[in-house]
Amino acid sequence: MKPETACIHAVRDESHSTGAVTVPIYQSATFAHPGVGHSTGYEYSRTQNPTREHVEKLLAALEGGVGASAYASGMAAVSTLMELFSPGDEIIVTDDLYGGSIRLFDHVSIKNGIIIRYVDTSNLSAIEAAMTGTTKAIFIETPTNPMMKVTDIAGVKALINKRDILLIVDNTFLTPYFFNPIALGADIVVHSGTKYLAGHNDTLAGFLVTKSAEIGERLHFLKNTIGGVLSPFDAFLVTRGIKTLAIRMEKAQKNAMAIAQWLKEQPKVTTVHYPGLPEHPAYELSRRQARGFGAMISFSTDSVETAQNILNKTELILFAESLGGVETLVTYPVTQTHAYVPEAERMKRGIDDKLLRLSVGIEAVEDIIGDLARAM
Ligand SMILES: *Cc1c(COP(=O)(O)O)cnc(C)c1O
């Protein structure tokens, strides 16, 4: 089954007899038992819920994993994931990371005795140099947020070789429609389902997809124990969103390509970071390991004034955090997504007051470009 077909048909709900084409919302906290020693397989919705299980199976099918667990948000997923680790464990983490993940690692994981080593994972030798006898995992985001650096997942897997190191990939930006890290050696795939999967800026969700059943079971145990689970209604919304994932990703990517090309020609734009541009350092790698480049672009302007004009004066494009919805959004990483990153670190990574991030939506591309042109 091709990915676009899988988004619609990979999982069928056969738990009921009505023939309903969409999965029902099982808005029930608890489930009754037929008798002592008998169970329907459902007890309590923190533990199992049929609507949530449906979207978990769908994510597992789309990513090529054996199972998945669904959480109330991407951050609930990542924090549950961190409970796999113990004090003294070292984790190598992509340095150009989603700001919320940095906040979690720097303020919570560190307190729990976990050692985080930030590395530019687009550079394989930097990963090799950071690996020690106590490295327990490598956590990669690719392309990165907001600088759009790309990590060679098969290359990282080769470095790990047979060592007992979990390879974890946050695949929020490309989605399983464009990229399947498990096929390249990843053990766990992370998603903020809030973004492209749900796709309409109307719900929060998170997922962990696993290659092995054993890690999947440990995560289900942690999910049930910690309790940050996805609600039945939000599970339904994500399932519905995924039905149109393919056409949304195709259209958003087509728009992003045109916008990146247009931005490159603008005198008030100094740099454009988009892996779909042939001059991007990871253009070839992206083509090799993924089926698409996604629809996230970051770019630098000639002055703070130009950057702020875009933020203040666009009418169609909304100045808002988040990404992956049908609406085009512009983000100011320096004050929004990356405000938690210490200033020196931000500057080192190029996240300054002239950098903007665009999450390109599915509007007519002429309208998006017209809006940017007017604002500039
Ligand atoms: C948004 C995001 C997260 C966090 O997800 P939430 O659903 O907002 O909690 C994690 N990783 C990436 C790459 C994200 O964009």
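A short reminder: the numbers here are calculations on the coordinates, not readings from a lab. Because the structure is a prediction, the values reported are computed rather than measured. Methodologically, a virtual Cβ is constructed for each residue, glycine included, from the backbone with ideal geometry; neighbour enumeration extends over all protein chains shown.
Is it the case that the range 136-147 has a residue that's free of Cβ contacts under 8 Å to residues at least 12 places away in the same chain and surrounded by fewer than 23 Cβ atoms within 10 Å (Cβ to Cβ)? Scanning the range 136-147, I find no residue that is free of Cβ contacts under 8 Å to residues at least 12 places away in the same chain and surrounded by fewer than 23 Cβ atoms within 10 Å (Cβ to Cβ), so the answer is no. Look at A307 and say whether it is closer than 30 Å to Y71 by Cα and of a type in the set (G, A, S). So A307 fails the test. Scanning the range 324-339 for residues that are closer than 18 Å to T306 by Cα, within 12 Å of the ligand (Cβ to nearest atom) and part of a loop (DSSP other than H, G, I, E, B) yields P333, Q336. In the range 70-103, of all residues being closer than 18 Å to R349 by Cβ and not in a helix (DSSP H, G or I), the one that is farthest from the ligand (Cβ to nearest atom) corresponds to I92.
Pick out the one residue from V55, V119 that is over 22 Å from A6 (Cβ atoms) and not aromatic (F, W, Y). Even if it seems obvious, please write down each step before you answer.
Numbers: V55 fails: over 22 Å from A6 (Cβ atoms).
After applying the criteria, what remains is V119.
Please go through the range 81-123 and give me each residue that is within 16 Å of the chain's Cα centre (by Cα) and among the hydroxyl-bearing types (S, T, Y), ordered by number. Hits for the range 81-123 are T94, Y98, S101.
Which members of the range 159-197 meet the condition of being of a type in the set (A, V, I, L, M), within 14 Å of the ligand (Cβ to nearest atom) and in contact with a Ser or Thr (Cβ under 9 Å, 6 or more places away or on another chain)? Give the derivation first.
Of the residues in the range 159-197, the ones of a type in the set (A, V, I, L, M) are 159-160, 165-169, 174, 182-184, 186, 188-190, 197.
Now restrict to residues that are within 14 Å of the ligand (Cβ to nearest atom): 168-169, 174, 188-190, 197.
Listed by number, the residues that qualify are V169, L174, I188, V189, V190, L197.
On the given criteria, is R287 within 15 Å of F179 (Cβ to Cβ), free of Cβ contacts under 8 Å to residues at least 60 places away in the same chain and not small (G, A, S)? Answer is yes for this residue.
Within 30 Å of H338 (Cβ to Cβ), away from the ligand (no atom under 16 Å from the Cβ) and touching a Cys at 6+ places or on another chain (Cβ under 9 Å), is that true of L58? Working first, answer last.
Numbers: within 30 Å of H338 (Cβ to Cβ): no; away from the ligand (no atom under 16 Å from the Cβ): yes; touching a Cys at 6+ places or on another chain (Cβ under 9 Å): yes.
Spelling it out, it is not the case that L58 is within 30 Å of H338 (Cβ to Cβ), away from the ligand (no atom under 16 Å from the Cβ) and touching a Cys at 6+ places or on another chain (Cβ under 9 Å).
Take the residues of the range 198-251 that are within 16 Å of the ligand (Cβ to nearest atom) and among the β-branched types (V, I, T): which is farthest from G292 (Cα to Cα)? Per the stated criteria, the residue is I226.
Candidates Y283, Y340: the one that is over 25 Å from D152 (Cα atoms), surrounded by fewer than 17 Cβ atoms within 10 Å (Cβ to Cβ) and in contact with a Gly (Cβ under 9 Å, 6 or more places away or on another chain) is Y340.
When you look at G65, is it in contact with a strand residue (DSSP E or B) (Cβ under 7 Å, 6 or more places away or on another chain), away from the ligand (no atom under 12 Å from the Cβ) and not basic (K, R), yes or no? Yes. For the range 303-312, the criterion of being within 15 Å of the ligand (Cβ to nearest atom), more than 27 Å from I153 (Cβ to Cβ) and touching a helix residue (DSSP H, G or I) at 6+ places or on another chain (Cβ under 9 Å) is met by no residue. All conditions but one from (1) in a loop (DSSP other than H, G, I, E, B); (2) more than 15 Å from the ligand (Cβ to nearest atom) apply to E366; the one that does not is (1). The set of residues in the range 86-108 that are surrounded by 21 or more Cβ atoms within 10 Å (Cβ to Cβ), out of contact with any Asp or Glu (no Cβ under 7 Å at 6 or more places or on another chain) and polar (S, T, N, Q) contains only S101.
I'd like to verify a number: residues in the range 3-26 that are surrounded by 10 or more Cβ atoms within 10 Å (Cβ to Cβ) and either in contact with a Pro (Cβ under 8 Å, 6 or more places away or on another chain) or assigned to a loop (DSSP other than H, G, I, E, B) (or both), how many? Steps first, please.
Restricting attention to the range 3-26, the residues satisfying the condition of being surrounded by 10 or more Cβ atoms within 10 Å (Cβ to Cβ) are 3-13, 15-16, 22-26.
In the following step, the residues that additionally are either in contact with a Pro (Cβ under 8 Å, 6 or more places away or on another chain) or assigned to a loop (DSSP other than H, G, I, E, B) (or both) were identified as 3, 10-13, 15-16, 22-26.
Counting residues in the range 3-26 that are surrounded by 10 or more Cβ atoms within 10 Å (Cβ to Cβ) and either in contact with a Pro (Cβ under 8 Å, 6 or more places away or on another chain) or assigned to a loop (DSSP other than H, G, I, E, B) (or both) gives 12.
Of all residues in the range 176-198, those being at positive phi and under 12 Å from the mean Cα position of the chain (by Cα) number 0. Just one of the listed residues (F207, F178) is surrounded by fewer than 24 Cβ atoms within 10 Å (Cβ to Cβ) and touching a helix residue (DSSP H, G or I) at 6+ places or on another chain (Cβ under 8 Å), and it is F178.
Counting the residues of the range 296-309 that are among the aliphatic types (A, V, I, L, M) and in a helix (DSSP H, G or I) gives 2.
Scanning the range 104-127 for residues that are of a type in the set (D, E, K, R), over 15 Å from V78 (Cβ atoms) and outside any loop (DSSP other than H, G, I, E, B) yields a single hit, R117.
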